[in-house]
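Scroll down for the structure; my scribbles are underneath it.
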Amino acid sequence: MKFKFIRIPAKPSPAFPNKYSTLVPIIPVRLINKAKQDKYIDIRAMIDSGADVSIFPMSIADKIELNIDRRKIQQIRGIEQSIIETYRHEIYLEIGGWKFDTDACFCSKDITFPVLGRHGFFNLFEVRFDYEKESIELKPKI
Amino acid sequence: MENKEKAEHDFLDLLKPYEDMWIALSKDNPIVIGSAKTLEELFNKLGEEDYRKFEFMKVPAFNVCYAPHYL
């Protein structure tokens, strides 16, 4: 499966005075409730190899009627050291028409961006970035 | 302008008004159907509309760079 990086606007800074846009590895995915497969949502998420797990806002879990088990808590520390609480839940993750049995963590706080992390995404694919060609290639491992 | 470049240019223009917001995109055309500061607010704005018709995206802030992050 091949995707393109998305080019988004950027504001120049003293460090990067000529930067008016930037490329980000954001791809379209579908999160599906395993118990009610007509409950799904299409969302664009950022591929983030620095993230241990995939993380999405709790409002998505609510929307697709996931029965979140609050005992399956996982604390997560961001780069700025603050800790957030997330809850792990099994989902189907559909990408490019392929459906994978995996899981993700759902966070009550409004996260900066939905991310596809090492557990839940990178364990499913061989991921290849070519920044110059602005391409992202995913090869399923199964 | 090449089609690819035009599509990118269009997407850049499309996102400009929505810095740091959640948006609902039409699946047929690159059109923003709704926007809000949080995803929950956006769902509320869409009301009874079938959310499965749309694709949701958080538009990043344009004045910062991103590192592995959650908040």
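Summary of computed values
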item	result
Test for A:PHE16: is it at negative phi and either in contact with a Phe, Trp or Tyr (Cβ under 8 Å, 6 or more places away or on another chain) or assigned to a helix (DSSP H, G or I) (or both)	no
Lone unmet requirement of (1) more than 10 Å from every other protein chain (Cβ to nearest Cβ); (2) within 30 Å of B:LEU12 (Cβ to Cβ); (3) modelled with pLDDT of 95 or more for A:LYS133	(3)
Set A:LYS4, A:LYS11, A:LYS34: member being of a type in the set (Lys, Arg), surrounded by 12 or more Cβ atoms within 10 Å (Cβ to Cβ) and modelled with pLDDT of 95 or more	A:LYS34
Sole exception among (1) in contact with a Leu (Cβ under 6 Å, 6 or more places away or on another chain); (2) at pLDDT below 95; (3) more than 26 Å from B:VAL64 (Cβ to Cβ) for A:LYS72, by number	(1)
Residue match in the range A:110-123 (condition: touching a helix residue (DSSP H, G or I) at 6+ places or on another chain (Cβ under 9 Å) and either in a strand (DSSP E or B) or within 25 Å of B:LEU42 (Cα to Cα) (or both))	yes
Residue that is nearest to the chain's Cα centre (by Cα) [pool: residues in the range A:69-106 that are within 14 Å of A:ASP48 (Cβ to Cβ) and within 11 Å of chain B (Cβ to nearest Cβ)]	A:CYS105
Pair list, Cβ < 8 Å and 6+ apart or interchain, from the range A:1-23 residues that are under 16 Å from A:PHE129 (Cβ atoms) to residues that are among the hydroxyl-bearing types (Ser, Thr, Tyr) and not in a loop (DSSP other than H, G, I, E, B)	A:LYS2/A:SER135; A:PHE3/A:SER135; A:LYS4/A:SER135; A:PHE5/A:SER135; A:ARG7/A:SER21; A:ARG7/A:THR22
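The values are calculated or read from the model by the stated rules, or taken from the named source; none is laboratory data. Keep in mind it's a predicted model, so treat the numbers as computed, not measured. Cβ coordinates were reconstructed from backbone atoms using ideal geometry, including for glycine residues, and neighbour counts include every protein chain displayed.
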